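Please read the structure below before turning to the comments.
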Amino acid sequence: MTDDVRTLASADDVADEAAAAIAAWIAQAHAGGHTVHIALAGGTTPAATYARLARSPVAWPAVHLWFGDERMVAPDDAQANAELARIALIEPAGIASGNVHRVLTDRSVDEAARAYGDEILRMLPADAAGVPRFDLVMLGLGEDGHVASLFPHAATLTATDVCLAVRNSPKPPPERVSLSLPVINAATRRLVVTTGAGKADALARMAGSPDPATPASLLRSAGTTVVCDTAAAALLRRR
């Protein structure tokens, strides 16, 4: 578990802190003179962060947006992570379509995962082991401790491909595409944003020993930041 846990009073404060942190990290990476690659999170919690980030003074032409996971639904389906990001961030911030990289959900899940992985490999720099390196991977936290679409005890937790085809997800829809754990852990930074009492047990388990029953506990601690509210952090204080 990372030592960088930022606990705020409310969900609104979490969104403010997360957006400010992302904007600062983009500015820092951009100052280094390279294109910034960010993988966005899905689910409902990040939407408030995206709305605030859209109003931040960010050099968006230097930023490419990707998705840490995607649900295999129509592109304009309300369940699609890219659709949530379009509404909350991409259109309000005026981010060019060429800087947004969506999963091709009109293909089979295997084809979509392979194509997305190939695109990432073409465009992102790699670390010494050849793993593509995002500047930032943003993550939500499921009540079961999952991150992206990496679920407890799933075979995908040990997979090493860049992107993975996920079937039989315990949460609908059943088919998804997800970044693999090695790619998430290779990122320069990981940001976990979570709020609410319903996430308290998962966050406490994330702080425990690495365990495939809690995929979030498998995140690399160095470079990981958690931004949460007091309700989500309630059980951390007991540890």
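The values are calculated or read from the model by the stated rules, or taken from the named source; none is laboratory data. Here the structure is a predicted model, which means the values were calculated and not measured. Cβ placement follows ideal geometry from the backbone for every residue including glycine, while neighbour counts extend to all protein chains displayed.
Descriptive notes on the structure:
- Note on the range 85-104: residues that are among the hydrophobic types (A, V, I, L, M, F, W, C), part of a helix (DSSP H, G or I) and in contact with a helix residue (DSSP H, G or I) (Cβ under 7 Å, 6 or more places away or on another chain) amount to 4.
This table checks each residue for (1) under 29 Å from A232 (Cβ atoms); (2) modelled with pLDDT under 95.
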residue	(1), (2)
D118	no, no
M123	no, no
A128	no, yes
L139	yes, no
T158	yes, no
C163	yes, no
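- Close contacts from the range 87-110, counting a first residue that is more than 16 Å from A47 (Cβ to Cβ) and a second that is of a type in the set (S, T, Y), with Cβ to Cβ under 7 Å and a gap of 6+ residues or different chains, come to V103/Y116.
To keep it simple, each residue is scored yes or no on (1) over 24 Å from C163 (Cα atoms); (2) of a type outside the set (A, V, I, L, M); (3) more than 16 Å from the chain's Cα centre (by Cα); (4) assigned to a helix (DSSP H, G or I).
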position: I22; (1), (2), (3), (4): no, no, no, yes
position: W25; (1), (2), (3), (4): yes, yes, no, yes
position: Q28; (1), (2), (3), (4): yes, yes, yes, yes
position: A39; (1), (2), (3), (4): no, no, no, no
position: T44; (1), (2), (3), (4): no, yes, no, no
position: A47; (1), (2), (3), (4): no, no, no, yes
position: P57; (1), (2), (3), (4): yes, yes, yes, no
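- Test result for G140, under 22 Å from E17 (Cα atoms) and either surrounded by 17 or more Cβ atoms within 10 Å (Cβ to Cβ) or without any contact (Cβ under 8 Å) to a residue 12 or more places away in the chain (or both): yes
- Among the residues of this structure, G33 does not count as one that is assigned to a loop (DSSP other than H, G, I, E, B) and either crowded, with 17+ Cβ neighbours inside 10 Å or in contact (Cβ under 8 Å) with a residue 40 or more places away in the chain (or both).
- Selection status of R107, in a loop (DSSP other than H, G, I, E, B), closer than 20 Å to L139 by Cβ and modelled with pLDDT of 95 or more: no
- Lone qualifier among P210, P170 - being touching a residue at least 24 places away in the same chain (Cβ under 8 Å), on the phi < 0 side of the Ramachandran plot and not basic (K, R): P170
- Evaluation of A54 against (1) small (G, A, S); (2) touching a residue at least 24 places away in the same chain (Cβ under 8 Å); (3) closer than 27 Å to L218 by Cβ (one fails), failing number: (3)
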